[in-house]
1. Evaluate the following for residue 28: is it assigned by TED's automatic domain parsing to the domain that holds residue 87 and more than 18 Å from residue 90 (Cα to Cα)?
2. Can you go through 19, 39, 78 and tell me which one is part of a loop (DSSP other than H, G, I, E, B), loosely packed, with under 13 Cβ neighbours inside 10 Å, modelled with pLDDT under 90 and not assigned by TED's automatic domain parsing to the domain that holds residue 113?
3. Could you tell me which residue of the stretch 42-59 is surrounded by the fewest Cβ atoms within 10 Å (Cβ to Cβ), considering only residues that are more than 15 Å from residue 90 (Cα to Cα) and out of contact with any strand residue (DSSP E or B) (no Cβ under 7 Å at 6 or more places or on another chain)?
4. Which ones in the stretch 92-112 are farther than 21 Å from residue 136 by Cβ and surrounded by 11 or more Cβ atoms within 10 Å (Cβ to Cβ)?
5. Would a scan of the stretch 108-120 turn up a residue that is within 21 Å of residue 7 (Cβ to Cβ) and in contact with a helix residue (DSSP H, G or I) (Cβ under 7 Å, 6 or more places away or on another chain)?
6. Could you please find all residues in the stretch 69-81 being in contact with a helix residue (DSSP H, G or I) (Cβ under 9 Å, 6 or more places away or on another chain) and without any contact (Cβ under 8 Å) to a residue 12 or more places away in the chain?
7. Could you give every pair whose Cβ atoms fall below 6 Å, whose first residue belongs to the stretch 43-68 and is within 14 Å of residue 25 (Cα to Cα), and whose second residue is in a helix (DSSP H, G or I), counting only separations of at least 6 or pairs across chains?
């Protein structure tokens, strides 16, 4: 297996002023090329773990975070959400609620627009993405 891409080292987190932790002393590593499945009952902390991986915690959800979470070698406490967004994304239970537009090509281009990518490069990247996924037939569709 490859390098460690996600590293939780003795991580605990409690939302807001909550006295009991949502997560307590979590330790795990995910290496490049690994696929993991995170399961558990409602309220067991699955969403909290994903919020730590994608940087929503600590940047958007307040609480008490101890331990260290590193994603691609960077501590989530010090990297900005914008920088994290270049490599990390989450698809939630209802992906439809995350779409910004109904046009497939414009949706793929949306993140590139937010990062100020040059228009010609953006067109090339979007075309390459559809090509790499063998999904050219899905371009410019609702």
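The values are calculated or read from the model by the stated rules, or taken from the named source; none is laboratory data. This is a predicted model, so every value here is computed, not measured. Don't worry about glycine lacking a Cβ; one is built from the backbone with ideal geometry, like all the others, and counts go over all protein chains shown.
1. Values: assigned by TED's automatic domain parsing to the domain that holds residue 87: yes; more than 18 Å from residue 90 (Cα to Cα): yes.
It is true that residue 28 is assigned by TED's automatic domain parsing to the domain that holds residue 87 and more than 18 Å from residue 90 (Cα to Cα).
2. On the way: 39 fails: modelled with pLDDT under 90; 78 fails: modelled with pLDDT under 90.
Testing whether each residue is part of a loop (DSSP other than H, G, I, E, B), loosely packed, with under 13 Cβ neighbours inside 10 Å, modelled with pLDDT under 90 and not assigned by TED's automatic domain parsing to the domain that holds residue 113 leaves just 19.
3. Residues of the stretch 42-59 that are more than 15 Å from residue 90 (Cα to Cα), as a first pass: 42-45, 58-59.
Pick out the ones that are also out of contact with any strand residue (DSSP E or B) (no Cβ under 7 Å at 6 or more places or on another chain) and you get 42-44, 59.
Values: 42: 6, 43: 9, 44: 13, 59: 16.
It comes out as 42.
4. 98, 100
5. Of the residues in the stretch 108-120, the ones within 21 Å of residue 7 (Cβ to Cβ) are none.
No, the stretch 108-120 contains no residue that is within 21 Å of residue 7 (Cβ to Cβ) and in contact with a helix residue (DSSP H, G or I) (Cβ under 7 Å, 6 or more places away or on another chain).
6. Listed by number, the list holds a single entry, 74.
7. 65/58
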